[in-house]
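Okay, so here's the structure we're looking at.
The values are calculated or read from the model by the stated rules, or taken from the named source; none is laboratory data. This one's a predicted model, so the numbers in the text were calculated from it and none came from an experiment. Quick reminder, even Gly has a Cβ in these numbers, built from the backbone with ideal geometry, and neighbours come from all protein chains shown. Please note that ligands, DNA and RNA were not included when accessible areas were found on the heavy atoms of the full protein model with its side chains. Shrake-Rupley method; radii C 1.70, N 1.55, O 1.52, S 1.80 Å.
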Amino acid sequence: MSKVVGIDLGTTNSLVAYVKDGVPVVIRDKSGDALVPSVVSVTADDTVYVGREAERRLLTDAGRTVYSVKRFMGKGIEDVRGEARLFPFRVGGDETSGGVVRIGLGEREFTPPEISAFVLRELKHRAETFFAAQGEVEPDVDRAVITVPAYFNDAQRTATRDAGRIAGLEVLRIIMSRQRRRWRTASTSVTTGPSGFTILAAARSISRSCVLRTACSRWCQRTATRISAAMTSICS
């Protein structure tokens, strides 16, 4: 039988967990890293990178690398026009397409749910690789519960479900997170210009990831515990 996982789809980092004998367990990669940076980069030959490699590409190919996409989930272009100019990647959209935000990476354009789906696929793949290594006969993952910030409205929650569907996941439940921390990568006071802002944003992203990796065990466990309650109720 296919697996159910819990996913914390974060603005800066994401993680995936499952419940084993009633206890939430965070799934880590081979190096022991629990976090996947919520960063996606598309190269000129259409190769898609997600996570650490995409994060590194913020410094070398910022125009083809997107981060903080959760800011755009479920919003129209008029909602984000002010802050969109602060990002190194293209953010567009028009009324003929219903005002849907479209993110340009090189010659290609994606909606925010499509970008988020790349991150979800990476987490799905991590979980399936883990279950296969554990000797599971059916390691496939096709269902998930996903956490979202408490401030997310119906449109933003629907966009999150759409991202899950694109990634090949049935989203069984959306969990409203009671605790969230905002990290502002952009400010109207930034005057260093596009290239300066790009380097600043990349440095902050990498710096924050290092801090989170240092203290992620407790944070990951709290997140896994929060989503395990919903997962247990669904599976029981």
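The residues of the stretch 5-18 that are surrounded by 20 or more Cβ atoms within 10 Å (Cβ to Cβ) and among the β-branched types (V, I, T), listed by number, are V5, I7, T12, V16. In the condition set (1) at pLDDT 95 or above; (2) outside any helix (DSSP H, G or I), G135 is compliant with all but (1).
Checking the structure you have, find out if any residue of the stretch 29-50 is in a strand (DSSP E or B) and of a type in the set (D, E, K, R). No - not one qualifying residue is present in the stretch 29-50.
So that you can scan it fast, the table gives a plain yes or no per residue for (1) over 15 Å from V119 (Cα atoms); (2) open to solvent by 40 Å² or more (accessible area, probe 1.4 Å):
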site: V36; (1), (2): no, no
site: A44; (1), (2): yes, yes
site: T47; (1), (2): no, yes
site: V50; (1), (2): no, no
site: A54; (1), (2): no, no
site: T60; (1), (2): yes, yes
site: M73; (1), (2): no, no
